[in-house]
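The values are calculated or read from the model by the stated rules, or taken from the named source; none is laboratory data. Predicted, not measured: the structure shown is a model, and the values here were computed from it. Cβ atoms come from the backbone with ideal geometry, glycine included; neighbour counts cover every protein chain shown. Note: accessible area is taken over every heavy atom of the protein model, side chains too, but ligands, DNA and RNA are not part of it. Shrake-Rupley method; radii C 1.70, N 1.55, O 1.52, S 1.80 Å.
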Amino acid sequence: QVQLVESGGGLVQAGGSLRLSCAGSGRTFSSDAMGWFRQAPGKEREFVATITNSGSVTDYADSVKGRFTISRDNAKKSVYLQMNRLRPEDTAVYYCAARAGDSLYYHQWQYDYWGQGTQVTVSL
């Protein structure tokens, strides 16, 4: 069984930064590809970023490309999402997700394990 716990969310003004963390446990973290998704009120959950199990390759949704950076530390069994130049439209609950594999994965159905989410609110 895999457990994922996100942290680092909060309230920030537009233009500010936040760093989300996701701590994994219960399996060999370094075997898992990881992803970040978000869900805004009244909207479907959407893809944000993905990283291979080694951390060597990443990809992003167009809406966050150039502002967000996904990274991981397999020794600490953690994945991170550095969010810069935040906008009000980035307001959402952010979820990390994991699955076995060494590729990039962009769809919710491709992931087997999910965290409980952390709220990010960006004010004007």
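If we scan segment 3-20, do we find a residue that is in contact with a Leu (Cβ under 8 Å, 6 or more places away or on another chain) and either among the acidic types (Asp, Glu) or assigned to a helix (DSSP H, G or I) (or both)? Yes: segment 3-20 contains one or more residues that are in contact with a Leu (Cβ under 8 Å, 6 or more places away or on another chain) and either among the acidic types (Asp, Glu) or assigned to a helix (DSSP H, G or I) (or both).
It is to be established whether one or more residues within segment 60-67 are buried (at least 18 other Cβ atoms within 10 Å of the Cβ) and touching a residue at least 60 places away in the same chain (Cβ under 8 Å). Looking for residues that are buried (at least 18 other Cβ atoms within 10 Å of the Cβ) and touching a residue at least 60 places away in the same chain (Cβ under 8 Å), one finds none in segment 60-67, hence no. Among the residues in segment 37-50, are any closer than 14 Å to TYR111 by Cβ, outside any helix (DSSP H, G or I), touching a residue at least 12 places away in the same chain (Cβ under 8 Å) and touching a Cys at 6+ places or on another chain (Cβ under 9 Å)? Yes, because at least one residue in segment 37-50 is closer than 14 Å to TYR111 by Cβ, outside any helix (DSSP H, G or I), touching a residue at least 12 places away in the same chain (Cβ under 8 Å) and touching a Cys at 6+ places or on another chain (Cβ under 9 Å).
Please tell me if ARG27 is in contact with a helix residue (DSSP H, G or I) (Cβ under 7 Å, 6 or more places away or on another chain) and either open to solvent by 60 Å² or more (accessible area, probe 1.4 Å) or free of Cβ contacts under 8 Å to residues at least 40 places away in the same chain (or both). It is false that ARG27 is in contact with a helix residue (DSSP H, G or I) (Cβ under 7 Å, 6 or more places away or on another chain) and either open to solvent by 60 Å² or more (accessible area, probe 1.4 Å) or free of Cβ contacts under 8 Å to residues at least 40 places away in the same chain (or both).
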